[in-house]
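Contents: one structure, followed by commentary.
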Amino acid sequence: MGNEPHVVILGAGFAGVAAMKMLRKAPVRVTVINKNDYQAFQPLLYQVATDVLSANEIGFPVRQMLHGHRAWAFHQAAVTGIDLGKRQVTVEGMEPISYDYLVIALGAVVNYFGTKGAAEHAFPLYTLADAERLKTHVLEGLEAVDKNPALIDDGALRFCVVGGGPTGVEIAGAMAELLDTELKQDYPNLPLDKAEIHLYEAGPQLLGPFKPGLRDYAKRALENLGVRVHLGVGVVAVESNRVHLKSGEMIKAHTLVWGAGLQANPLVSSLGIDLVKGRVPVNPDLSLKDHPEVFAAGDVAIVTEPKTSRPLPQLGSVAKQAGEHVGRTIAGLLRGKGRIPFRYRDRGTMATIGRGAAVAELPAGFTLTGPIAWMGWLLVHLVLLSGSIERSLTLRDWAWNILTRRRSKRIVVDVSRR
Ligand SMILES: Cc1cc2nc3c(=O)[nH]c(=O)nc-3n(C[C@H](O)[C@H](O)[C@H](O)COP(=O)(O)OP(=O)(O)OC[C@H]3O[C@@H](n4cnc5c(N)ncnc54)[C@H](O)[C@@H]3O)c2cc1C
């Protein structure tokens with residue numbers, strides 16, 4: 001077994017995990033390296049941030065997923081560099097790791113577009129830690145107002161969201177629902193009716209890539225939940241309790257959620273290849289030019305759809321299918337099979353806007369809104385989650401909690417030493 005080819009997978013997100021699963025029975029040694037010991041299901045991060053689900057319901061342990069594999073190693077560590085010439089990966093706290101095949105599936109990171117103070121004071125929503133941080137901040141903010149109601153005039157009950165894409169729309173809707181649930185029972189003396197949620201989008205509309213009818217629906221659905229939508233309004237600077245708009249206006253707010261943008265994992269700049277929009281360009285089989293033993297999949301890669309000549313979106317479904325393709329290709333190569341181009345099976349693009357409301361654009365050009373679109377979202381994400389009973393249970397719990405307006409047990413555990 002020791003002489004078997006060594007496949008190193010960087011990142012255990014949608015793409016890395018999918019590649020890993022396809023290599024389960026292949027005659028290879030697999031080493032997976034991921035910063036955390038779990039895969040986070042990002043589409044439900046905002047449910048953790050708004051307390052509908054707990055963190056362990058959307059984090060799946062990587063070591064457990066590897067149990068059925070023939071020969072595997074997992075390291076919870078940060079990858080620090082990739083040397084394509086030496087066929088080696090450098091990892092924090094470890095000797096360099098050599099590979100025969102490499103899968104780069106390191107995902108994306110938040111992009112603040114240089115907005116002053118955003119890295120220090122905004123709350124991004126890209127990792128499980130981000131979701132927990134946001135939830136704790138909101139709950140601690142309510143406790144602070146409970147002790148000192150004067151904070152309301154300073155913006156403690158004003159929640160701002162930047163970005164009118166799916167992330168911004170989903171978190172704004174979820175926050176509106178959080179403030180309208182049993183929080184009112186938990187804080188009977190707080191004037192939660194005075195709480196405001198503002199969504200700022202620099203462009204002229206919400207959900208830019210969606211069809212106009214869906215964009216209008218999303219705006220109406222958010223406004224029905226009480227969210228104030230500001231289109232064509234850019235945020236230029238953030239402080240811990242102030243948001244500065246491009247118009248020069250200053251908003252008093254203690255919370256600004258950043259849902260405005262992503263960039264590919266900056267680590268790929270160490271590859272020494274020409275990146276496209278910061279992402280790794282790939283051959284039709286998802287391998288790198290001049291490096292047939294190296295593959296890139298998921299948010300980190302830029303894959304052009306042959307029919308439209310446009311890049312595929314940075315979505316979990318694209319990442320999962322690309323990861324499966326890479327794993328299948330490596331397993332096939334070892335059995336003497338050839339390489340085939342990656343084809344994405346589009347299941348549609350969707351966004352939810354609170355309980356029972358969603359927009360969906362299906363591959364055939366159909367569009368859906370309302371509860372039917374929401375059910376469609378649920379089905380598509382069931383497929384994304386598929387793979388173990390616990391994953392399906394997560395979605396069942398989520399749907400149940402949403403339908404019954406139940407929240408997880410709301411406590412804040414302070415883990416700082418003091
Ligand atoms: C809030 C939110 C909601 C979303 N909703 C949807 C949705 O409804 N439907 C949908 O299809 N998609 C959705 N997406 C997009 C989807 O989650 C991503 O496209 C998908 O996660 C990309 O998969 P990936 O494997 O490329 O990257 P990821 O899933 O991000 O995985 C990358 C992995 O690499 C690890 N990593 C990064 N850097 C290092 C390093 N230096 N060393 C070691 N490990 C590292 C990370 O910890 C992570 O585990 C959403 C994303 C967000 C943020």
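The values are calculated or read from the model by the stated rules, or taken from the named source; none is laboratory data. Since we're looking at a predicted model, the values are computed, not measured. Every residue, glycine as well, gets a Cβ built from its backbone with ideal geometry; the counts of neighbours run over all protein chains shown. The area values use the complete protein model at the heavy-atom level, side chains included, leaving out ligands, DNA and RNA. Shrake-Rupley method; radii C 1.70, N 1.55, O 1.52, S 1.80 Å.
3J(HN,Hα) couplings calculated from phi for the range 195-202 with the Karplus curve 6.51 cos²θ - 1.76 cosθ + 1.60 (θ = phi - 60°) are, in sequence order, 5, 10, 10, 10, 10, 9, 10, 5 Hz; Gly and Pro show x.
Computed over Cα pairs, the Kirkwood radius of the chain leads via Stokes-Einstein (0.692 mPa s, 37 °C) to a diffusion coefficient of 146 µm² per second. Within the range 37-90, the trypsin sites (Lys or Arg not before Pro) that combine a DSSP coil assignment with at most 11 other C-beta atoms in a 10 angstrom radius are LYS86. About its Cα centre, the dipole of the chain is roughly 1140 debye, where the only charges are +1 on Lys and Arg Cβ and -1 on Asp and Glu Cβ.
When the chain is treated as a Gaussian network with alpha carbon springs shorter than 10 Å, the biggest mean-square fluctuation among ALA176, ALA55, ALA77 belongs to ALA77.
Surface analysis of the chain yields an accessible area of 46 Å² per residue, using protein heavy atoms and a 1.4 Å probe. For the chain, the longest principal axis of the alpha carbon atoms and the long axis of helix 389-404 meet at an angle near 20°.
DSSP bridge analysis restricted to the range 1-110 gives an antiparallel fraction near 40%, rounded to the nearest 5.
Below 26 Å, Cα to Cα, which lysines can LYS211 reach? Residues fewer than 8 away in the same chain don't count. Within reach: LYS219, LYS277, LYS307, LYS320. Ratio of Rg to Rh for the range 59-173: 1.12 [Cα atoms; Kirkwood radius as inverse mean 1/r over pairs]. Quick check: pseudo-label points 7 Å beyond the Cα along Cα→Cβ at GLU120 and GLU92, how many nm apart are they? Label at GLU120, label at GLU92, 2.2 nm between them. Rolling a 1.4 Å probe over the protein chains gives ARG133 an accessible area of about 120 Å². In the range 215-278, the alpha-carbon atoms span a convex hull of 157 Å³ per residue.
Rolling a 1.4 Å probe over the protein heavy atoms of the range 269-406, with every protein chain left in place, gives an accessible area that is 58 percent carbon and sulfur.
Cross-link partners for LYS86 among the lysines, with Cα-Cα distance under 20 Å and sequence neighbours closer than 8 places in the same chain left out: LYS289. When peptides 292-298, 224-230 are ranked by their average number of other Cβ atoms within 10 Å per residue, the highest-first order is 292-298, 224-230. Of all DSSP-defined beta bridges confined to the chain, some 45% are antiparallel rather than parallel. Given the Cα atoms of the range 193-348, and with Rh set as the inverse mean 1/r over their pairs in the Kirkwood sense, what is Rg to Rh to two decimals? In the range 193-348, Rg relative to Rh is 1.10. Straightening the chain between GLN263 and ASP37 buys 79.1 nm, computed as 0.36 nm per residue apart minus the Cα-Cα spacing.
Highest average first, the peptides 118-131, 10-23 ordered by how many other beta carbon atoms sit within 10 Å of their residues are 10-23, 118-131. Highest mean packing comes first when the peptides 370-378, 46-54 are listed by Cβ atoms within 10 Å, giving 46-54, 370-378. Computed with every protein chain present, the accessible area of GLU140 is close to 100 Å² [probe 1.4 Å]. Comparing ILE353, ILE58, ILE97 in a Gaussian network model of the chain where C-alpha atoms under 10 Å apart are linked, the largest mean-square fluctuation is found at ILE97. A simple spin-label model places pseudo-atoms 7 Å from Cα toward Cβ; at ALA55 and THR308 they are separated by 3.6 nm.
Positive contributions from Lys and Arg (+1) and negative ones from Asp and Glu (-1), summed over other residues with Cβ under 15 Å from the Cβ of GLU223, come out at -1. Put simply, the C-alpha atoms of the range 1-82 give a gyration tensor, and the ellipsoid matching it has half-axes of 27, 13, 9 Å, longest first. Straightening the chain between VAL412 and ASP153 buys 90.8 nm, computed as 0.36 nm per residue apart minus the Cα-Cα spacing. Look at where the Cα atoms of the range 184-221 and of the range 22-74 average out, and the two centres are 32 Å apart. Given their separation in residues at 0.36 nm each and the Cα-Cα distance between them, LYS194 and ARG396 gain 69.4 nm when the chain is fully extended. Over the C-alpha atoms of the range 293-418, the Rg to Rh ratio, Rh being the Kirkwood estimate, stands at 1.08. The lysines whose alpha-carbon is closer than 18 Å to the alpha-carbon of LYS25, local same-chain residues fewer than 8 away aside, are LYS337. Considering only SER269, GLY163, THR50, and ranking their Cα positions along the charge dipole of the chain that arises from unit charges at the beta-carbon of Lys, Arg, Asp and Glu, the one farthest toward the positive end is SER269.
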